[in-house]
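Below is one structure, written out as structure tokens; comments come after it.
Quick note: the coordinates plus some simple rules give every number you see, no bench work behind them. All figures in this text were calculated on a predicted structure; none of them were measured in a lab. Here the Cβ positions follow ideal geometry from the backbone for every residue, glycine too, while neighbour counts run over all protein chains shown.
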Amino acid sequence: MILALSSSTVVLPALPAKSAVPTTSVRIAVSNLRNDHGMVQACLTTRPDHFPDCRDDPASHRLSMQAHDGLVLRFDRVEPGTYAVALLHDENSNGRADRVLSMIPREGFGFSRDAPVRMGPPGFDEAAFDVGAAPVHKTIRMRYLL
């Protein structure tokens, strides 16, 4: 609606402010998959208390894709911030990380920044990287203990 206040003044309606936070994409090339069995599950989070599994983190980004050589995972609409990525090669597609003796991972795993695994998964800070306005490209090497 246009309002005319006088013959020389025209008032246009206010346009809504752009409220959307700018986003970008994060691409993860997966290397060292030992086979093309099952799925690769991925979790991208900003929450240290929900790393590495993203369980109960509604703001996390999650993907599950068929395992294959040359796999690239793409997270879209990622807001700027500090993130960490965890991968699981769920070779039998049962939706969980299988273990031997309740401790030792039977399936492959990987973390951003190739974060070291000691007596358990790395901490968020060891795997964390920054996302800004530009698209991010990372490579994560899968590791297998058995």
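Could you tell me the relative contact order of the chain? Use alpha-carbon pairs under 8 Å, at least six residues apart, and round to a whole percent.
30 percent
Can you put VAL100, VAL136 in order, fewest other beta carbons within 10 Å first?
So the residues, fewest neighbours to most, are VAL100, VAL136.
Report, in debye and to the nearest 20, how large the dipole of region 21-141 comes out about its Cα centre when Lys and Arg carry +1 and Asp and Glu carry -1 on their Cβ.
Dipole about the Cα centre, nearest 20: 120 debye.
Grab the Cα-Cα distance for LEU145 and VAL117, subtract it from 0.36 nm times how many residues apart they are, and report the gain in nm with one decimal.
Working it through step by step, the gained length comes to 9.0 nm.
Select one label from (1) 11, 36, 27, 8, 6, 6, 5, 2, 0; (2) 12, 39, 32, 14, 3, 0; (3) 12, 46, 36, 6: the one whose number is P(r) over Cα pairs in 10 Å bins from 0, in percent as derived from the coordinates shown.
The value computed from this structure is option (1).
Say R0 is 30 Å: what FRET efficiency, to the nearest 0.05, do ARG77 and LEU101 get from their beta-carbon distance?
For R0 = 30 Å, the calculated efficiency reads 0.15.
When ranked by the protection proxy of mean other Cβ atoms within 10 Å per residue, highest first, what sequence do the peptides 47-55, 78-86 form?
Going by the mean number of other Cβ atoms within 10 Å, highest first, we get 78-86, 47-55.
What ranking do THR23, THR45 get, fewest neighbouring Cβ atoms within 10 angstrom at the top?
Least crowded to most crowded, the residues run THR23, THR45.
Check each of the trypsin sites (Lys or Arg not before Pro) in region 66-126 and keep only those in coil by DSSP with at most 12 other C-beta atoms within 10 angstrom; list them in order.
ARG96, ARG118
As I understand it, the dipole of region 21-141 uses +1 on the Cβ of Lys and Arg and -1 on the Cβ of Asp and Glu, about the Cα centre. Which of PHE111, LEU33, VAL21 lies farthest toward its positive end?
The Cα lying farthest towards the positive end belongs to LEU33.
Which is farthest toward the positive dipole end of the chain among TYR144, ALA127, HIS68, measuring Cα position about the Cα centre, with Cβ charges +1 (Lys, Arg) and -1 (Asp, Glu)?
HIS68
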